[in-house]
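The values are calculated or read from the model by the stated rules, or taken from the named source; none is laboratory data. Quantities reported herein were computed from a predicted structural model and do not represent experimental measurements. In this analysis, Cβ positions are derived from the backbone assuming ideal geometry, glycine residues included, and neighbour counts consider all displayed protein chains.
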Amino acid sequence: MRRAQPFETSDGTILNVDMAGEGASAIFQHGLCGDAAQTDEVFPLETGFRRITVEARGHGRSGVGNLEQLSISTFCDDIAAYNEKNLAAPVVIGGISMGAAIALRLAVKRPDLVKALIVARPAWLSASAPENMAPNAEVGRLLKTLPAIEAGQAFLAGPVGRRLAAEAPDNLASLAGFFSRTPLGVTAELLTRISNDGPGVTDADICNLTLPTLVIGHDRDSIHPLGHARALAERIAGARFVQITPKAESRPQYVADFRLAVGNFLKEL
């Protein structure tokens, strides 16, 4: 059963912490403009781990705080603070997309808090503003310059929308949903700021990681290139790479594959 608790950050922002299951703690973070429903769907509880998702500022039921502070670094610091106050470190840290970048940064910057790493559908390697995040930034730009309905129409009719319709329909569905995500101003800020951000780590930092690591990727995904997942798995010594079914092909199989990959990894820790 899912349950929630508030957590107050150092600057007074109230975050929602969503958790489910019992056992050892595993912090598992959602993607950009997502929430704990995304992590709850794919995290296997039968392995004896308690899933904890600290919904990032401006996401889910968490407060926004200062818009100028919306960044991967801030989100990472918030999780580190929650971990230090409420958990017995080190714990498993992981996430999907933006959550994967947060987890990667935490593993590099605060190795004392992390005993194992799960990087699922990574959208970043080490560089900021990767080209694959440009569609998210474009949605944010349109939301800042046009009324929501017109912005959505312009995106779907534009070259990026048409390309994604052919190459990555699941990506397009997610992006189209952002035009009705409220509050629109916060959504626009998140999409522009985070898309142009990065995990703040170097390739050397990544190559120096030595903790147990699972990397999950799939094809038919322009926002989260399969090549990014393979590259991270190659750079982290001993990392396990698992390719799963794309959501665009079968969402039920995607969920089943994701749960199996994470479950097998956690059972071996």
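Is at least one residue of the range 160-177 within 16 Å of ALA103 (Cβ to Cβ) and free of Cβ contacts under 8 Å to residues at least 60 places away in the same chain?
So in the range 160-177, the residues within 16 Å of ALA103 (Cβ to Cβ) come out as none.
No, there is no match, as no residue in the range 160-177 is within 16 Å of ALA103 (Cβ to Cβ) and free of Cβ contacts under 8 Å to residues at least 60 places away in the same chain.
Yes/no matrix, rows are residues, columns are (1) under 23 Å from the mean Cα position of the chain (by Cα); (2) closer than 28 Å to ILE72 by Cα:
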{"position": "MET133", "(1), (2)": "yes, yes"}
{"position": "ASN136", "(1), (2)": "yes, yes"}
{"position": "ARG141", "(1), (2)": "yes, yes"}
{"position": "LEU146", "(1), (2)": "no, yes"}
{"position": "GLU150", "(1), (2)": "no, no"}
{"position": "GLN153", "(1), (2)": "no, no"}
{"position": "ASP170", "(1), (2)": "yes, yes"}
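When the range 39-82 is filtered for residues that are over 28 Å from ALA127 (Cβ atoms), at pLDDT 95 or above and among the β-branched types (Val, Ile, Thr), only ILE52 remains. Screening ALA166 against (1) assigned by TED's automatic domain parsing to the domain that holds ARG230; (2) of a type in the set (A, V, I, L, M, F, W, C); (3) at pLDDT below 95 leaves a single unmet condition, (1). Considering only residues of the range 201-245 that are hydroxyl-bearing (Ser, Thr, Tyr) and touching a residue at least 40 places away in the same chain (Cβ under 8 Å), which is farthest from ALA261 (Cα to Cα)? Top of the filtered list is THR202. Going through (1) surrounded by fewer than 20 Cβ atoms within 10 Å (Cβ to Cβ); (2) touching a helix residue (DSSP H, G or I) at 6+ places or on another chain (Cβ under 9 Å); (3) more than 22 Å from GLN5 (Cβ to Cβ) one by one, PRO111 falls short only on (2). Note on the range 232-269: among residues that are over 18 Å from PRO212 (Cβ atoms) and basic (Lys, Arg), the one that is farthest from the chain's Cα centre (by Cα) is ARG251.
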